[in-house]
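Worksheet: the structure to be examined is printed underneath.
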Amino acid sequence: MEYFSAYLPSLIISTIRYFVMAGIPFLIVYKLYNKHFVENKIQERLASNKDFLHEIKNSMIANVLMIAFVLLFTKTFLVQYTQVYMDIGSYATWYLPVSVLLALLIHDTYFYWMHRLVHTKALYKHIHLVHHKSINPSPFAAFSFHFLEAILEAGAIVVIIFLIPIHPIAILSFVLTSFAINVYGHLGFEVAPRWFRHTFLFEIFNTSVHHNMHHSKFVGNFGLYTRIWDRVMGTEYPDYVKEYDRVQARRFGAKKDKVGKAELMVNP
Ligand SMILES: [Zn+2]
Ligand SMILES: [Zn+2]
């Protein structure tokens with residue numbers, strides 16, 4: 001059966017993806033160049049090796065479940081009810097990147113409401129608490145979920161393939177982009193460039209500080225990629241921008257920021 005023959009290769013690829021995409025930023029920021037990133041650190045507290053191992057262990061268990069769940073809808077008879085298309089020529093070429101953006105948008109909404117759901121009293125203690133064991137998360141926390149939450153998380157892909165026509169290349173691009181942003185959100189270090197704060201992008205998109213506050217304070221800042229739902233629903237921490245500015249001021253210095261702007265005005 002296609003489901004079983006696809007399972008092991010998918011699990012291996014997904015595991016390699018996890019260790020490469022979470023492991024390389026971890027090695028760079030936490031180990032090889034940790035002195036260079038001292039000022040980027042969001043929380044004072046240092047996470048221990050025990051914390052990292054806990055995150056890796058949970059991520060591995062979650063990964064086993066997530067793959068099993070997604071393949072149920074892509075490698076069994078159920079695929080015929082989804083909108084996955086195999087012939088890339090079935091839709092215009094421009095639709096391929098658009099479908100990736102649509103998938104990210106759907107995921108942003110799905111995640112916000114699923115996240116609110118697992119923060120309800122009944123589900124938090126039994127399911128979501130595993131993810132919140134990482135009070136000071138590292139990139140390895142990206143998949144650190146209770147196995148039931150792993151299924152809810154993977155549910156995003158299922159919703160997407162039922163909602164919009166999507167090619168496997170677009171699914172793969174979505175999965176990789178999503179994981180990269182997930183790793184950034186759990187990095188524990190803010191790496192957003194200085195200019196980001198002064199653009200409209202800051203008003204829309206999340207930062208590592210944004211999700212880090214969710215881990216250190218437990219409620220509020222529920223969003224995944226954007227601040228939109230948090231702002232609409234009034235769940236963003238009122239001191240988020242202040243906290244972001246505090247971290248960035250330490251990296252760039254308030255003075256340096258002013259000098260930077262003055263130079264820009266003189267030499268546009
Ligand atoms: Zn949470
Ligand atoms: Zn998290």
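Since every read-out is calculated from the coordinates, none of them should be taken as a lab result. All values derive from a computational prediction rather than experimental measurement. All Cβ positions, glycine included, derive from the backbone under ideal geometry; neighbour counts span all protein chains shown.
Assorted remarks:
- Cα gyration tensor shape of the chain, rounded if a/c is under 1.5, else prolate or oblate by comparing a/b with b/c: prolate
- Full extension of the segment from Lys57 to Val175, taken as 0.36 nm per residue of separation minus the current Cα-Cα distance, would add 40.4 nm.
- Applying a threshold of 25 Å to the alpha-carbon distances of Lys41/Lys133; Lys121/Lys242; Lys41/Lys121; Lys75/Lys121 flags Lys121/Lys242; Lys41/Lys121; Lys75/Lys121 as lying beyond it.
- Hydrophobic long helices, here whole DSSP H runs in the chain with Kyte-Doolittle means of at least 0.0 and Cα atoms spread over 30 Å or more along the helix axis, are found at 2-26, 49-74, 95-118.
- Taken along the Cα-to-beta-carbon direction at a fixed 7 Å, the label points for Ile12 and Tyr91 span 3.1 nm.
- The stretch 183-222: chymotrypsin sites (Phe, Trp or Tyr not before Pro) falling in loop per DSSP and having at most 14 other Cβ within 10 Å: Phe218
- Relative contact order for the stretch 2-193, counting Cα pairs under 8 Å that sit 6 or more residues apart, in percent: 38 percent
- Label zone at Arg246, where the point sits 7 Å out along the Cα-to-Cβ direction: the stretch 17-47 residues whose backbone N lies under 17 Å: 39-46
- Local charge for Ala156 was computed over the other residues whose Cβ lies under 13 Å away, with Lys and Arg +1 and Asp and Glu -1, and equals -3.
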